[in-house]
Amino acid sequence: MENKKRNLYIFACAFVLGIFALSFAIPAGAFEFKGGDVVVVASGEVIEDDLYVGAATVEINGTIKGDLVAFGSNITIGSDGVIEEDLIAAGQSVVINGEVMDDARIAGAVLTLGGQGKVGDDLVGAGYSLETNSTTQIGGDLLFTGAQTMLEGNIKGNIKVSSGGVEINGQIAGDAEIEVGAPGDVAPFSPFQFIPNMPAVPVIAGGLTIGPDTVIEGDMVYKSPEEADVPSWAVSGEVDFEEIEAVEVDEGREPEPTTGELVWKWFLRNLRRLISLLIVGLLVAWLLPDFIEQATAQLQAKPWPSLGWGVLFYFGFYFLVMVILVLTTILTVLFGVLTLAGVAWLIFGIGIVTIINLILAFVIATAFLTKIIISYLVGRLILERLKPEWALSIFWSFILGVIIFVVLTAIPYVGWIVNLAVIFFGLGALLLLVKDRFIKPEVSEVKKPTK
């Protein structure tokens, strides 16, 4: 028995450590945090590590030897800025006037590759507008989804674009795959012109426009509601046009499902629940049989305390998460005001990871563990009276119990009550198990009687 207990403790510790290790997993190597209202890496400054930045304004004019991960309102890689590895950035605007030597993954309202901007490998973007100019270079592929796309300069790979309006007036060494809207699919004005600190956003027409400096060395496939004027000299390979037909929306009400369809959906939904619980439950029964036995023993010995603790924890959990969130926010803001950005980021990270892990543990417990415990207990109690020899098997007891559980919870107007009661009793049993097995009771000192 002691070996079994020790194995249970080892598994529990390994599970907890594994969850936290995954939560804190970051790219190998050193990294540096910067935060505040404005973060500037000056020209000539060299950061030897990866740089993680969260600020309203981010300006990179120096050299970052690793990755740059930046979140803010306006993010700019200046003309002297060099990112030697990947750029991951999201904000209102992301402007690359310098060099990103590897991949760039950017998202925001306005995305610009300007000046002598250069991306060594792939550029992947999503936002309202993407613009590259005649002096920019992309060493790999370009993938973008947004309202409008303006491509100039030199792209050495393929492009895959989905936009309401697309203008091409540069060189593309590979193939072009484009899904583009009709002329009226782009607003005639910039929706961001009244937002402070937003860069100017050019307005282009909807549909596909091929400029005089366009050279596409591969094939071009484009989908659109209307065929565009694609000059033969602009594309070296084949041009394939696929018309996108407008989908007529039936504004009438959908026909109500028949009784047979409703029954079939009900059956499939509960069959999926049964299969999921069987798979997870049998796996837990195989790996941790002592854990299930100990939890059910707690429930049998203390049914009403289990119910009480389960109800208390179920409703108190949300309050606990809110308290941690509020404390994390207050401490992060406090240390941010004190300009201790590193401490603020550390507190923010620990708080968010703690909340994520608590929610993950709560979901696993309520969705599976509580139902596994109750199902096994119910199945064992029934088999002890009908087939005592079968009750010796944890697997047969669990299978019978989970079938009964799924059937009861599938009953309309009653199932949710059964499900909630199972969660309450199961949570309480788990809490009592943790209390008895992992929290050692205090041993009071016994005084010897004086003579």
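Coordinate-derived values only; no laboratory data. Small disclaimer: the values here were computed from a predicted structure and weren't measured. FYI the Cβ positions are ideal-geometry reconstructions off the backbone, even for glycines, and counts take in every protein chain you see.
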Cα-based Debye curve of region 296-404 sampled at q = 0.20, 0.22 Å⁻¹ gives log₁₀ I(q)/I(0) of -1.01, -1.10
Sort 410-419, 134-143 by packing, meaning the average of other beta carbons within 10 Å per residue, with the highest value first.
134-143, 410-419
Long-range amide H partners of GLU179 with built H, under 5 Å:
VAL161, SER162, SER163, LYS223
Approximate spin-label separation ASP240-PHE267, in nm, with each point projected 7 Å along Cα-to-Cβ:
4.3
Using θ = phi - 60° and the Karplus curve 6.51 cos²θ - 1.76 cosθ + 1.60, what whole-Hz ³J(HN,Hα) does each residue of region 394-411 get, with Gly and Pro shown as x?
5, 6, 5, 4, 5, 4, 4, x, 6, 5, 4, 4, 5, 5, 5, 6, 7, 6
Sequence of SER73, SER306, SER224 once ranked by neighbouring C-beta atoms within 10 Å, starting from the fewest
SER73, SER224, SER306
Fewest first, what order do ILE96, ILE399, ILE330 take by the number of other Cβ atoms within 10 Å?
ILE330, ILE399, ILE96
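Nearest 0.05, what FRET efficiency do ALA228 and ALA421 give at R0 = 60 Å with Cβ-Cβ as r? Please list the in-between numbers first.
On the way: r = 64 Å, r/R0 = 1.06.
Result of the calculation: an efficiency of 0.40.
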Under a plain spin-label model, where a point goes 7 Å from the Cα along Cα-to-Cβ, how far apart in nm are ALA297 and LEU386?
2.7
Pop the C-beta distance of LYS65 and ILE330 into the FRET formula with R0 = 35 Å and round what comes out to the nearest 0.05.
0.50
Starting with the highest mean, order 158-164, 208-214 by the number of other Cβ atoms within 10 Å, averaged over the residues of each peptide.
158-164, 208-214
Using θ = phi - 60° and Karplus 6.51 cos²θ - 1.76 cosθ + 1.60, couplings along region 82-94 (whole Hz; Gly, Pro as x)
9, 10, 6, 10, 8, 10, 10, 9, 8, x, 4, 9, 10
Rank-order 292-301, 111-120 by packing density, defined as the average count of other C-beta atoms within 10 Å over each peptide's residues, highest first.
111-120, 292-301
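Gain in length, ALA200 to ASP37, computed as 0.36 nm per residue apart minus the alpha-carbon separation, to one decimal in nm?
On the way: separation 163, 0.36 × 163 = 58.68 nm, distance 2.22 nm.
Between ALA200 and ASP37, full extension yields an extra 56.5 nm.
Just rank TRP390, TRP345, TRP264, fewest to most, by other beta-carbon atoms within 10 angstrom.
TRP264, TRP390, TRP345
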